[in-house]
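The values are calculated or read from the model by the stated rules, or taken from the named source; none is laboratory data. Because the structure is predicted, anything quoted here is derived from the model rather than measured. Cβ placement follows ideal geometry from the backbone for every residue including glycine, while neighbour counts extend to all protein chains displayed.
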């Protein structure tokens, strides 16, 4: 199996098979990152598509100095923020049904986590997503968000405190 | 106590295994002697599980998205000449897509497409 870096090199040479492989590895993750930021399924879908198109177009400029995941999530974030800017914030209606309802009645704890995450400002929510779901280091997150490492740690600190308050 | 402040700053990334080896060793050593930070780690691990579970329940990107993406990157063909067969052949073509008009040449060898060149003329040039 090819590494991410090898795939990007092939995508840079316009290899559509390699692009499909890269898409399969990242499109869904990028979509979920978009959902985390935008809280709207249609906008997140649009952001994911635009991000993957940008990955195709800019693969030739990827120099391999960062991990492919960091590069892809950076592009995805820019696309999501572009959409936020395009849409008037007040006009966006957040999807309340972002997750598939589970018929089990014992999901109270999970509902609380969902509610607690939704209560966080997006700047903290994305740090929580990139840390706990994507497993990125604070240095990588700092690179994606373009903020100092100390700010990443501080956002995580505040996010955890708010989550603990809601979940307690 | 100042140690605890620093350790608690790092503990989320300790829980995901994404700290440097030196930082990870430092946190492990501190945890051995600090019950408060061990409790903080346990709470962080619970939160990690909750977030992972929450994100996994989110919908998946529909397959139709791939069709739109690939249509956008390929563009609309405006001319194409094929010679040879599926196993060995050549293609010369041009497409229109957002941002440019690429002219490309491909070789097919044993069913695999190899791009020989791609020259893109920007719209408006």
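How many residues does the stretch B:12-45 contain that are without any contact (Cβ under 8 Å) to a residue 24 or more places away in the chain, crowded, with 16+ Cβ neighbours inside 10 Å and facing chain A (nearest Cβ under 9 Å)?
4
Taken together, the residues in the stretch A:135-159 that are surrounded by fewer than 21 Cβ atoms within 10 Å (Cβ to Cβ), farther than 18 Å from residue A:81 by Cβ and more than 7 Å from chain B (Cβ to nearest Cβ) amount to 6.
Quick check on the stretch A:106-117: of everything there that is surrounded by 15 or more Cβ atoms within 10 Å (Cβ to Cβ) and modelled with pLDDT of 80 or more, which residue is farthest from the other protein chains (Cβ to nearest Cβ)?
From the stretch A:106-117, those surrounded by 15 or more Cβ atoms within 10 Å (Cβ to Cβ) are A:107, A:110, A:112-114, A:116-117; that's our starting set.
Adding the requirement that they be modelled with pLDDT of 80 or more leaves A:116-117.
On the way: A:116: 8, A:117: 6 Å.
Only one residue tops the list, namely A:116.
With respect to the conditions (1) closer than 30 Å to residue B:5 by Cα; (2) in contact with a strand residue (DSSP E or B) (Cβ under 9 Å, 6 or more places away or on another chain), residue B:37 lacks only one, and its number is (2). Kindly provide the set of residues from the stretch B:69-80 that are at the interface with chain A (Cβ under 7 Å from one of its Cβ atoms) and under 18 Å from the mean Cα position of the chain (by Cα), ordered by number. Once the filter is applied, which keeps residues that are at the interface with chain A (Cβ under 7 Å from one of its Cβ atoms) and under 18 Å from the mean Cα position of the chain (by Cα), the stretch B:69-80 yields B:69, B:73.
Rundown of residues vs (1) assigned to a helix (DSSP H, G or I); (2) under 13 Å from the mean Cα position of the chain (by Cα); (3) modelled with pLDDT of 95 or more; (4) under 20 Å from residue A:128 (Cα atoms), yes/no style:
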position: A:1; (1), (2), (3), (4): no, no, no, no
position: A:10; (1), (2), (3), (4): yes, no, no, no
position: A:23; (1), (2), (3), (4): yes, no, yes, no
position: A:33; (1), (2), (3), (4): yes, yes, yes, yes
position: A:51; (1), (2), (3), (4): yes, yes, yes, no
position: A:63; (1), (2), (3), (4): no, no, no, no
position: A:73; (1), (2), (3), (4): yes, yes, yes, yes
position: A:76; (1), (2), (3), (4): yes, yes, yes, yes
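Would you confirm, using the coordinates I've provided, whether residue A:44 is within 11 Å of chain B (Cβ to nearest Cβ), part of a helix (DSSP H, G or I) and over 18 Å from residue A:125 (Cα atoms)? Against the criterion (within 11 Å of chain B (Cβ to nearest Cβ), part of a helix (DSSP H, G or I) and over 18 Å from residue A:125 (Cα atoms)), residue A:44 does not qualify.
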